[in-house]
Structure formats: C-alpha cells, structure tokens
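Quick one: this structure, given as structure tokens, is what I'll be asking you about.
The values are calculated or read from the model by the stated rules, or taken from the named source; none is laboratory data. The structure presented is a predicted model; accordingly, all values stated were derived computationally and were not measured. Neighbour counts run over all protein chains shown; Cβ positions are idealised from the backbone, glycine included. Accessible surface areas use protein heavy atoms only, side chains included; no ligands, DNA or RNA. Shrake-Rupley method; radii C 1.70, N 1.55, O 1.52, S 1.80 Å.
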Amino acid sequence: MADRLQTVFRHLGSGRPQQAISTIPVSAAAYQYSQPGCILSDEQRRFYDKNGFLVIKNLVSGDKIDKYKERFQKVCTGEVKIPGVIIMRDVAIAKSEFVPGEHAVTKIQDWMLDPVLFEYCCDPEILKYVEAFTGPDIAAMHTMIINKPPDPGLKTSRHPMHQDLHYFPFRPADRIVCSWTAMEKVDRSNGCLVVLPGSHTGELKQHDYPEWEGGVNKMYHGVRDYSPDHPRVHLEMEKGDTVFFHPILIHGSGMNRTKGFRKAISCHYASTQCHYIDVEGTTQENISDETLEIARKKFGGNIKISFKDVWRLRARLVKGQPGEIAE
Ligand SMILES: O=C(O)CCC(=O)C(=O)O
C-alpha cells in the first residue's frame with residue numbers, strides 16, 4: 001500500500017509525498033530495507049534498516065542441524081556425491097599433511113542439487129524471514145557449509161572482512177539476503193561472525209586477496225579499505241540461531257582458537273525479480289575471472305561459459321514466481 005502511494009505521488013510529479021497530505025503511518029513508510037506487511041516487527045525492521053543484520057534466536061531445530069551435519073560428513077568422506085558441489089580445503093592444512101574426511105575441508109558450496117541439504121534453503125521457518133527482504137518470489141542463489149578448522153597457528157582460519165555483493169552479478173542489492181545459521185555454539189573463541197553495523201548503507205568496495213603471511217584460502221577476497229575505527233559487533237550465537245544480513249554489510253570471521261570445527265550453514269537468496277548485470281570494467285572483474293577459472297576446471301577447459309551462466313546454474317526457485325534470475 002505504501003509503495004503504491006509512493007508511485008502515485010511520483011506520477012503526480014512531486015517525487016516525494018508531502019507531509020501535510022500523507023496518510024501513510026510512519027511504521028509502514030519509513031523502512032528502506034524490508035517489505036511492508038512482512039513478518040518483522042517495527043522494532044526488527046528499524047534494527048535491520050539501521051544495522052544491516054538481524055539475529056533470530058533458535059530458528060532451526062537441533063534435529064535438522066544434526067541431519068545437515070551428518071550429510072556434510074558423508075560429502076567430505078565421499079560417501080555422498082553431489083553433482084557440481086565444490087569442496088574447498090584449508091590453505092595451510094591441505095599443504096601440510098594428508099588429512100582425511102571433513103578435517104581438511106573448510107567449506108562445501110554449490111550443494112543445491114542435494115535433496116537433504118537443500119531442505120535448509122526451503123525451510124518455511126527461514127523463508128518467512130527471507131521474504132521480508134526479498135519479497136514473495138524467491139530464488140536460492142548460493143549454498144555453503146563453512147567448517148572453520150582449528151587454526152594451525154598461521155591465522156588462515158580467519159575470513160577477511162568483505163561484502164558478499166562482490167561475488168554476485170545480480171541486483172538490486174536490497175532484494176538479496178543471506179541466511180547464516182550456527183550449527184553449534186559460536187563465539188569469539190571459535191571465530192564467530194564479525195559485522196560492521198550500518199556498513200550496508202555504503203557502496204560496494206574494491207576487493208582483493210589480503211596480504212597475510214600464512215596465506216589466504218581460495219576466493220577469500222577482502223575489502224581493501226574500511227575504517228578500522230568503525231564499531232564492530234561479534235555475533236555470538238547458539239546452535240540454531242540464524243542471522244539475516246544485507247549483501248553490502250561488511251563482515252568476516254575471526255580465528256578459531258579451539259580444537260573443534262566451527263560449522264555454519266548458509267544460503268543467499270534473491271528476489272526472482274532481480275536482474276543480472278555485466279561486471280566487465282567494474283571492481284567485480286577479478287572475482288568473475290577467478291570464478292570462471294574454477295568453472296572451466298570443473299566443466300572442461302573449452303567450455304564457453306560466462307559469470308552470469310555460473311549463477312544461472314546455481315539459482316533455484318524456492319517460492320513464488322520464476323523470473324529472470326531463476327526459471
Ligand atoms: O562463516 C564464516 O566464517 C564467514 C562466512 C562468510 O562470510 C562467507 O562465506 O561469505
């Protein structure tokens with residue numbers, strides 16, 4: 001309703017509704033980053049607008065998480081094979097010794113064709129929050145389980161501060177959201193997420209590999225410049241707690257100083273009404289080149305594939321109507 005009124009005012013030529021005649025209640029009109037009439041309370045909408053993230057406690061049950069953990073282990077040992085899945089190994093652990101199973105794996109991604117893990121992306125409890133940001137037509141775009149290993153002493157278990165939009169050739173950013181669920185208790189000792197609240201209102205920045213002595217994991221690009229004085233929030237979460245965050249929010253995660261593996265499962269969602277963009281000549285060219293290099297390794301060197309094609313292959317409709325981004 002508020003959107004429709006805004007459109008009418010625009011057509012009338014004023015661009016902005018005039019206060020004296022506005023009938024829009026403040027709560028329905030004032031938020032930029034979530035949809036009117038969504039599941040979020042006014043307070044939650046206000047919080048997300050201001051900070052760019054929102055934690056929902058206890059959203060995913062322990063049973064579901066245990067099922068995803070078990071599946072992850074089977075993927076790591078090779079007992080379950082998922083077409084197209086990418087298994088990434090820690091830069092330091094993989095070099096130093098032969099480590100079997102899940103212990104050398106930092107991340108599995110692109111598991112959208114696995115019926116068990118994909119249940120996470122279709123979980124109605126999660127989707128009702130996702131819809132608050134994307135609107136009703138939703139595609140799952142990017143799937144990951146992150147298995148942050150105990151740090152081998154080289155600080156390679158850190159994830160540099162970055163903006164997820166760097167990886168995505170689709171827009172608008174405000175119709176994209178990440179859902180990230182802790183698969184066990186996460187805190188500063190095992191490398192919880194760290195966010196810069198409010199950074200989602202800025203621009204997409206240049207990203208590159210950080211110059212870290214111990215090396216950096218593949219594809220772990222970091223933001224080149226952000227103010228070290230910007231306040232940080234460490235998101236300490238219990239198993240099943242889920243954080244939703246905006247793709248321009250600057251975030252990363254710390255070193256895992258424990259002996260256990262810190263696991264999280266996540267999916268990036270976008271409205272199917274989003275559109276693909278050409279990243280040639282933009283700061284995203286470096287990640288596009290690297291993504292295509294990996295795709296050529298996966299599908300064979302001669303394949304003609306674009307950055308958009310890689311994302312078209314990943315995208316799966318999970319709710320509502322298909323669109324340009326997912327058919
Ligand atoms: O789970 C983590 O440690 C960080 C994950 C993350 O930010 C990402 O993969 O984009």
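If we keep just the residues of the range 80-99 that are part of a helix (DSSP H, G or I) and not hydrophobic (A, V, I, L, M, F, W, C), which is modelled with the lowest pLDDT?
In the first step, residues of the range 80-99 are kept if they are part of a helix (DSSP H, G or I); the result is 91-96.
Then keep just the ones that are not hydrophobic (A, V, I, L, M, F, W, C); that gives 95-96.
On the way: LYS95: 52, SER96: 48.
Among them, the one singled out is SER96.
It is to be established whether one or more residues within the range 126-137 are within 25 Å of VAL310 (Cα to Cα), small (Gly, Ala, Ser) and away from the ligand (no atom under 15 Å from the Cβ).
yes
Now for a separate question. Check the range 196-210 and report whether any residue there is among the β-branched types (Val, Ile, Thr) and loosely packed, with under 15 Cβ neighbours inside 10 Å. Quick ask: steps written out before the conclusion?
Taking the range 196-210 and keeping what is among the β-branched types (Val, Ile, Thr), we get 201.
Keeping just the survivors that are loosely packed, with under 15 Cβ neighbours inside 10 Å gives 201.
Yes, there is a match, as at least one residue in the range 196-210 is among the β-branched types (Val, Ile, Thr) and loosely packed, with under 15 Cβ neighbours inside 10 Å.
Please go through the range 267-283 and give me each residue that is out of contact with any Lys or Arg (no Cβ under 6 Å at 6 or more places or on another chain) and surrounded by fewer than 23 Cβ atoms within 10 Å (Cβ to Cβ), ordered by number.
Listed by number, the residues that qualify are GLN273, HIS275, ASP278, VAL279, GLU280, GLY281, THR282, THR283.
Can you give me the number of residues within the range 173-203 that are away from the ligand (no atom under 14 Å from the Cβ) and under 21 Å from CYS121 (Cβ atoms)?
Number of matching residues: 3.
Going by the conditions given, is THR272 at pLDDT 95 or above, more than 18 Å from ILE145 (Cα to Cα) and not hydrophobic (A, V, I, L, M, F, W, C)? Break it down into steps so the answer makes sense when it comes.
Working: at pLDDT 95 or above: yes; more than 18 Å from ILE145 (Cα to Cα): yes; not hydrophobic (A, V, I, L, M, F, W, C): yes.
The answer is yes for THR272.
Moving on. What single numbered condition from (1) more than 13 Å from the ligand (Cβ to nearest atom); (2) within 25 Å of LYS308 (Cα to Cα); (3) crowded, with 19+ Cβ neighbours inside 10 Å fails to hold for VAL223?
So the condition that VAL223 fails would be (1).
Please enumerate the residues belonging to the range 156-172 that are farther than 21 Å from ILE108 by Cβ and either open to solvent by 10 Å² or more (accessible area, probe 1.4 Å) or within 12 Å of the ligand (Cβ to nearest atom) (or both). Before the answer, list the steps.
So the first thing to find is which residues in the range 156-172 are farther than 21 Å from ILE108 by Cβ, and the list is 161, 163, 165, 169-172.
The answer is MET161, GLN163, LEU165, ARG171, PRO172.
Among all residue pairs at least 6 apart or on different chains, which show Cβ distances below 8 Å where the first residue, located in the range 133-155, is open to solvent by 10 Å² or more (accessible area, probe 1.4 Å) and the second is more than 13 Å from the ligand (Cβ to nearest atom) and hydroxyl-bearing (Ser, Thr, Tyr)?
ASP137/SER271; ASP137/THR272; PRO150/THR258; PRO152/SER96
Would you check if PHE244 is open to solvent by less than 10 Å² (accessible area, probe 1.4 Å) and touching a strand residue (DSSP E or B) at 6+ places or on another chain (Cβ under 7 Å)?
Working: open to solvent by less than 10 Å² (accessible area, probe 1.4 Å): yes; touching a strand residue (DSSP E or B) at 6+ places or on another chain (Cβ under 7 Å): yes.
In short, yes.
Residue-by-condition table, conditions (1) in contact (Cβ under 8 Å) with a residue 60 or more places away in the chain; (2) more than 10 Å from the ligand (Cβ to nearest atom):
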position	(1), (2)
HIS230	no, yes
PHE244	yes, yes
GLY254	yes, no
THR258	yes, yes
HIS268	yes, no
THR282	no, yes
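May I ask you to list the residues in the range 157-196 that are assigned to a loop (DSSP other than H, G, I, E, B) and in contact with a Lys or Arg (Cβ under 7 Å, 6 or more places away or on another chain)? Let's see the steps before the verdict.
Going through the range 157-196, the residues assigned to a loop (DSSP other than H, G, I, E, B) turn out to be 157-158, 163, 168-169, 172, 183-185, 187-192, 196.
The answer is SER157, GLN163, PRO169, MET183, GLU184, LYS185, SER189, ASN190, GLY191, LEU196.
Restricting to strands (runs of 3 or more DSSP E) lying wholly in the range 204-315: which have 2 or more residues that are touching an Asp or Glu at 6+ places or on another chain (Cβ under 8 Å)? Show your work before the answer.
On the way: elements: 233-235, 242-245, 251-253, 262-271.
Passing ranges, in order: 262-271.
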